[in-house]
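Below: the structure, in structure tokens.
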Amino acid sequence: MDQTFLIGLSLASVVFLSFVHVVADLLRWKRPVPRKYWLSFADGISISYVFLGLLPKIIAGTSALPENLGPTVEILKQSPFLPLLIGLVVFYGMERLVEKPVGAVEAHVLAQPTGLRVWIHLASYAFYKAIIGYLIVQMNNPVSIVIFSISMAIHFLVVDFRMMELHRGVYQRIGRWILTAAILVGWIVGATTVISPVLVTLLLSFLAGGIVLVVLEEEFSRDHPSSFPAFVTAVALYLAVQVSI
């Protein structure tokens, strides 16, 4: 496959993904479907991509690592999903940092975290987006790039919705632009540096952990309802697409 074409496709993909947070605000207010349905549908797509798309890549990447790369490889071969667990724990810690205090607000209304906690939360998601941009430029299959980009775009809508609930003022003014820029920065770093297969595998696992946490948090949130039928429909649809390609 022509490397120039792959670079161009990956750049087009990150530009597309970078604008999701810019246009998401327009989609949010004009959506004809209640949020519990479209959010659960997006969650279903995201979690399906983790199990059907990312985990096989992580397993394949781990098994292909040469033994002479050091003790890290041996650890990954024995526990290939350790970085996934680390990613889940790290993002769980970020979410707990900004969760509302007990009794601070009435039910179904999120408290607005302020100060350092807001910026730590934004920084964690900026790093999350930079990883995605970094990984896209490493892909060498056009179909993989397209599927990854579509899956992440849908997932970004969920992230955007959550950030708007938690940090509406800061997020609208500057937060969404930080996340928009982060994925482009990640792509630039990936396009201009040579990285090891070990790091790619670690980043894939870390990303998977973050996605799993975001999805579970949204689906089991007490602050807004979810839809199991919409979630299952999305899983079935993604499975059908995965089987057909």
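The values are calculated or read from the model by the stated rules, or taken from the named source; none is laboratory data. Predicted model only: the values in this text are computed from it and were never measured. Note that we place each Cβ from the backbone using ideal geometry, even for glycine, and neighbour counts take in every protein chain shown.
Of all residues being of a type outside the set (Lys, Arg) and surrounded by 19 or more Cβ atoms within 10 Å (Cβ to Cβ) in the stretch 165-179, which is nearest to Ile7 (Cα to Cα)? Just the residue, please. For the stretch 165-179, the residue satisfying everything is Leu179.
Considering only residues in the stretch 50-100 that are of a type in the set (Ser, Thr, Tyr) and farther than 30 Å from Leu237 by Cβ, the one that is surrounded by the most Cβ atoms within 10 Å (Cβ to Cβ) turns out to be Thr72.
Would you please name the residue that is modelled with the lowest pLDDT, looking only at residues in the stretch 53-66 that are of a type in the set (A, V, I, L, M, F, W, C) and assigned to a helix (DSSP H, G or I)? Restricting to residues being of a type in the set (A, V, I, L, M, F, W, C) and assigned to a helix (DSSP H, G or I), the top hit is Ala60.
Answer yes or no: is there a residue in the stretch 157-174 that is under 19 Å from Met94 (Cβ atoms) and modelled with pLDDT of 85 or more. Within the stretch 157-174, one or more residues are under 19 Å from Met94 (Cβ atoms) and modelled with pLDDT of 85 or more. Suppose we keep only residues that are surrounded by fewer than 16 Cβ atoms within 10 Å (Cβ to Cβ) and modelled with pLDDT under 80 within the stretch 185-198. Which one would you say is farthest from Gly70 (Cα to Cα)? Ranking the candidates gives Val194 first. Under 9 Å between Cβ atoms, at least 6 apart or on separate chains: pull out the pairs that start in the stretch 1-24 with a residue that is without any contact (Cβ under 8 Å) to a residue 12 or more places away in the chain and end on any residue that is loosely packed, with under 13 Cβ neighbours inside 10 Å and not in a helix (DSSP H, G or I). From the stretch 1-24, the pairs are Gln3/Asn140. Annotation note: of Leu76, Leu84, Leu69, the sole residue that is hydrophobic (A, V, I, L, M, F, W, C), modelled with pLDDT of 85 or more and under 26 Å from Leu54 (Cβ atoms) is Leu84.
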